[in-house]
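Nothing in this text is a laboratory measurement; each read-out follows from the coordinates by a stated rule. Remember, it's a predicted structure, so these values are computed and weren't measured experimentally. Cβ atoms come from the backbone with ideal geometry, glycine included; neighbour counts cover every protein chain shown.
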Amino acid sequence: MRFEGRAWVFGDHIDTDVIIPARYLVSTDPAELSRHCMEPLDPEFPAKVRPGDILVAGENFGSGSSREHAPMAIKGLGVGCVVAASFARIFFRNALNIGLAVVECPEAVAGTETGDLLRVDPLAGEVANLSRGEVWWARPYPEFLVHLIQEGGLVPYVRGRLGVR
């Protein structure tokens, strides 16, 4: 499992109300939520992102309320993964539960600008900035977590393990 795409860099303490404003929480449809992702910071963000792009953020990404809607909105855009200096614990868990790859790597965040081409390999723990020729290392994913992400999240992963589809 590898992700390669253009970086979209945001700052520190991006909370779930910024990722997906509360007024849109009447839906759980990822496509609908994605149309409003990061709207308070950049209303045009959903129109600019391409499938496979990588969201890069600073410290404490996903802080605030524990809504699953935030990672659903990001995944609904087709974002390959999120690289951040650190994640709010509940966002990190919700992202994995819905099958959105998240990688904690402060060095990569510090060395990346919007538009850079990144390659992220969670199993190896590698974050490479192909535009700048730099490579950083994060804690690698255990193999089961790679399968969980590939299956689309916790529920599909468990169903597959139980033989229930």
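Show that you can apply the helix-only estimate: for the chain, add -39,500 (n - 2.57) for every DSSP H stretch of four or more residues, divide by all residues, and state [θ] at 222 nm to the nearest 500.
Using -39500 (n - 2.57) per qualifying helix, the result is -8000 deg cm²/dmol.
How charged is the neighbourhood of Ala85? Take every other residue with its Cβ under 14 Å from the Cβ of Ala85, and add Lys/Arg as +1 and Asp/Glu as -1.
Charge balance near Ala85 sits at -3.
Say R0 is 25 Å: what FRET efficiency, to the nearest 0.05, do Leu41 and Ala124 get from their beta-carbon distance?
Here the calculated transfer efficiency is 0.20.
Enter the Cα centre distance for the pair the range 7-26 and the range 73-107, rounded to the nearest angstrom.
That distance is 12 Å.
Could you give each residue of the range 131-148 its phi-based ³J(HN,Hα) in whole Hz, using Karplus coefficients 6.51, -1.76, 1.60 with θ = phi - 60°, and x for Gly or Pro?
6, 10, x, 10, 10, 10, 10, 10, 5, x, 6, x, 4, 4, 5, 4, 5, 4
If Lys and Arg each add +1 and Asp and Glu each add -1, what is the summed charge of the other residues whose beta carbon sits under 10 Å from the beta carbon of Pro140?
With Lys, Arg at +1 and Asp, Glu at -1, the neighbours total -2.
Can you tell me the mean projection area, over all orientations, of the convex hull of the range 69-122's alpha carbons? Units nm², please.
3.9
Pick from Arg139, Arg23, Arg35: which is most flexible by mean-square fluctuation in a GNM of the chain where alpha carbon atoms under 10 Å apart are linked?
Arg23
From the P(r) of the range 9-85, could you give the percentage of C-alpha pairs in the tail past 17 Å?
That fraction is 36 percent.
Compute the orientation-averaged projected area for the chain from the convex hull of its Cα atoms and round it to one decimal in nm².
The directionally averaged projection comes out at 8.8 nm².
Given the range 101-160, report the % of alpha carbon pairs whose separation exceeds 18 Å.
That fraction is 41 percent.
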